[in-house]
Amino acid sequence: MKTVNLDLPIMLIDDDGMVRSIVEEYLRSYGFRNIISIRDPKDALKVIRDTKVEIGLILSDWEMPGINGLTLLKAVRNSPRRGATKFMMITSQQSMERFKITKAAHLKVNDYLVKPFSAEALRRRICQTMGWSEDALELAG
């Protein structure tokens, strides 16, 4: 198991302010200190393309106006610098159509989380995605 890094730069992208606020609160409760919270996916795309910005994990909503989570995932996977960045897709049950899941899997999404979800579910998924032991964030935070 890898060692937990609470300074891991986490990019959180969701056009819904309430969801963003809740997820950011969860992340801070686990002890994370470096959260890049973005409402507009166009701004997220700019940050993804900025090679000076460190990103260790991306949590992205799927359905957003203009640019969706799949487009962001594609940009990450096509980037020489970002290609291996861990990417979790956050989605509502309505948008979990089979073809979308297949496309995201083809682009090597690391995990999915279906709204609504608990702090515990997010904690477990982050640990799993990052290769940390299940209790790593409890011990770290």
Answer with one residue from G66, N78, M89: the one whose Cα lies farthest towards the positive end of the charge dipole of segment 10-136, charges on Cβ with Lys, Arg +1 and Asp, Glu -1. N78
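Under the rule of -39500 (n - 2.57) per DSSP H run of 4 or more residues, summed and divided by the residues of the chain, what mean residue ellipticity at 222 nm is obtained, to the nearest 500 deg cm²/dmol? All intermediate terms of the calculation are to be shown ahead of the outcome.
Details: 6 runs with 58 residues, N = 141.
After summing the helix terms and dividing by residue count, I get -12000 deg cm²/dmol.
Full-extension gain between T102 and E120, please, as 0.36 nm times their residue separation minus the C-alpha to C-alpha distance. The partial results should precede the final answer.
Working: separation 18, 0.36 × 18 = 6.48 nm, distance 2.63 nm.
Gain on extension, T102 to E120, equals 3.9 nm.
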Can you work out the Karplus-derived ³J(HN,Hα) for every residue in segment 79-91? Use 6.51 cos²θ - 1.76 cosθ + 1.60 with θ = phi - 60°, whole Hz, and x for glycine or proline. 8, x, 7, 9, x, 9, 5, 5, 9, 10, 9, 10, 8
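Find the Cα radius of gyration of the chain, compare it with 2.2 N^0.38 Å by division, and give the number to two decimals.
On the way: Rg = 14.0 Å, N = 141, 2.2 N^0.38 = 14.4 Å.
With N residues counted in the chain, Rg over 2.2 N^0.38 Å equals 0.97.
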Amide H of I90: which non-local residues (sequence gap of 5 or more, or other chain) have their own amide H closer than 5 Å, using H built in the peptide plane? S60, D61, W62, L113
If you plug each phi of segment 23-28 into the Karplus form 6.51 cos²θ - 1.76 cosθ + 1.60 with θ = phi - 60°, what whole-Hz ³J(HN,Hα) values come out, in order, with x for Gly and Pro? 5, 4, 4, 4, 4, 5
Give the cross-link partners of K108 among the lysines, using a straight C-alpha distance below 19 Å as the criterion and excluding same-chain residues fewer than 8 apart. K74, K86, K100
3J(HN,Hα) from dihedral phi, segment 12-17, Karplus parametrisation 6.51/-1.76/1.60, rounded to Hz, x for glycine, proline: 10, 10, 7, 6, 8, x
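Each reported figure results from applying straightforward, stated rules to the coordinates on display, with no laboratory input. It should be emphasised that the depicted structure is a prediction, and the values quoted were computed from it without experimental measurement. Methodologically, a virtual Cβ is constructed for each residue, glycine included, from the backbone with ideal geometry; neighbour enumeration extends over all protein chains shown.
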